[in-house]
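The values are calculated or read from the model by the stated rules, or taken from the named source; none is laboratory data. Quantities reported herein were computed from a predicted structural model and do not represent experimental measurements. No Cβ is skipped: glycine too gets one built from the backbone with ideal geometry, and neighbour counts run over all protein chains shown. Heavy atoms of the whole protein, side chains included, go into the accessibility calculation; ligands, DNA and RNA do not. Shrake-Rupley method; radii C 1.70, N 1.55, O 1.52, S 1.80 Å.
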Amino acid sequence: MKCIINGKVILADKVCENLAIVFDDKIRKIADVQSINKADYEIIDAGGNYVAPGLVDMHIHGFLGADVSDGDVEGIKVMAEGIIKNGVTSWCPTTMTVSKAEIEAAFDAVRTVKNSGTYYGSRILGVNSEGPFINPSKKGAQAEEHILRPDADFIIKHSDLVKLFTVAPEVDGALECIEKVKANTNVLVSMGHTDASYEEAVEGINKGVSHTTHLFNAMTALSHRSPGVVGAALSDDGVSVELIADTFHVNKGLFNMVAKLKGEKLCLITDCIRAGGMPDGDYTLGGQPLHKEGIKCLMPDGTIAGSVLNLNEAVRNLYENSKLEIYDAVACASLNPAKALGVDDEVGSIDEGKRADIIIVDDKFNVFTTILDGEVRYTK
């Protein structure tokens, strides 16, 4: 058994000092440090830093030169092993609008890695299928030639693996698709890459949409006479929203407003692509060219093409640009996405009985240690 001491422990609703966290593969005890016999355990000294739950990235396409849509088993492993250094202990490899054959090949690759139990990286929860059931007018960096009519049977067929998928609720066949998926699976239905009016978005919510793909980006904006998808998502307490908090996709001046409106329904994501963790230069996304410069990834026509954000950086950006307490900012990248995905009984917070997914970070959220299922998987 191991025991973490000398840390500022970030619980779901507070930060506590002088606590000891005792764990093997699961968290067995959280107690006052004076009440335990340190000689009984392998001690991990947090050095006065924050001790936080492992992060959950529910929307990430690529990292370190690899992309989920490549359908490459080794690439999935590279990503899983890379993001563990950013404090991510659970993730949803995310496909995009490529051909159906390529999507299924990507699903097969993720399935292989997820079921192997032999790789040494962040835990795969399942796939996030972003597209191909989107609106061409809001395709963003997605390839229009591969956009398809919403197909519930495709999602149901792969519901052993797919945890969430994106659909534009206004396109032909979308409402029927949403309703059928909702009735036959536990897959989270998200609206995104959509030109829906407020009324069409609300209709999608009424049929079963309960999540929003990267709020503000690739959707109808909020206006006082046309509230759009953004208005529908912000005003419905049952709808969770993703936020790319890199300060480029969404102005940091909005972070506090969104956090205030959505509370525990705010989920930080990276939307990271293969250029993440790589030098500035030319890369691809879904077979389309893009250029990375700093935090910006742009296609030749100026379209934003994903991000190079790390999830620990997203937590820092949200915390520094909002009035949130540190535990609420952390929850946006851990407990909140875990709740949205229905896995918060196992991951997302430091609680007795949950998986021992724990990270040690400084006050800028730089990661020093990542622990997954009780094993130290990364030390800086």
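Things to note:
- Taking each residue of region 83-105 that is under 20 Å from I269 (Cβ atoms) and at pLDDT 95 or above and looking for partners that are aromatic (F, W, Y) and open to solvent by 20 Å² or more (accessible area, probe 1.4 Å) with beta-carbon atoms closer than 7 Å, six or more apart or interchain, yields I84/Y378; K85/Y378.
- Any strands (runs of 3 or more DSSP E) falling wholly within region 265-380 and containing at least 1 residues that are within 30 Å of G117 (Cα to Cα), open to solvent by less than 50 Å² (accessible area, probe 1.4 Å) and not β-branched (V, I, T): 266-269, 281-285, 367-372, 375-379
- Residue in region 11-29 that is over 30 Å from K139 (Cβ atoms), open to solvent by 40 Å² or more (accessible area, probe 1.4 Å), modelled with pLDDT under 95 and assigned to a loop (DSSP other than H, G, I, E, B) present: no
- Residue within region 235-243 that is of a type outside the set (D, E), in a helix (DSSP H, G or I) and over 14 Å from K138 (Cβ atoms) present: yes
- The strands (runs of 3 or more DSSP E) found entirely in region 32-129 that carry 3 or more residues being surrounded by fewer than 24 Cβ atoms within 10 Å (Cβ to Cβ) are 42-45.
- The residues on offer are A259, A314, A305, A245, and the sole one that is of a type outside the set (V, I, T), within 26 Å of E102 (Cα to Cα) and touching a residue at least 60 places away in the same chain (Cβ under 8 Å) is A305.
- Residue match in region 131-147 (condition: basic (K, R), more than 22 Å from L285 (Cβ to Cβ) and either touching a residue at least 12 places away in the same chain (Cβ under 8 Å) or in contact with a Cys (Cβ under 9 Å, 6 or more places away or on another chain) (or both)): no
- Put simply, of G287, G294 the only residue that is more than 20 Å from the chain's Cα centre (by Cα) and without any contact (Cβ under 8 Å) to a residue 40 or more places away in the chain is G294.
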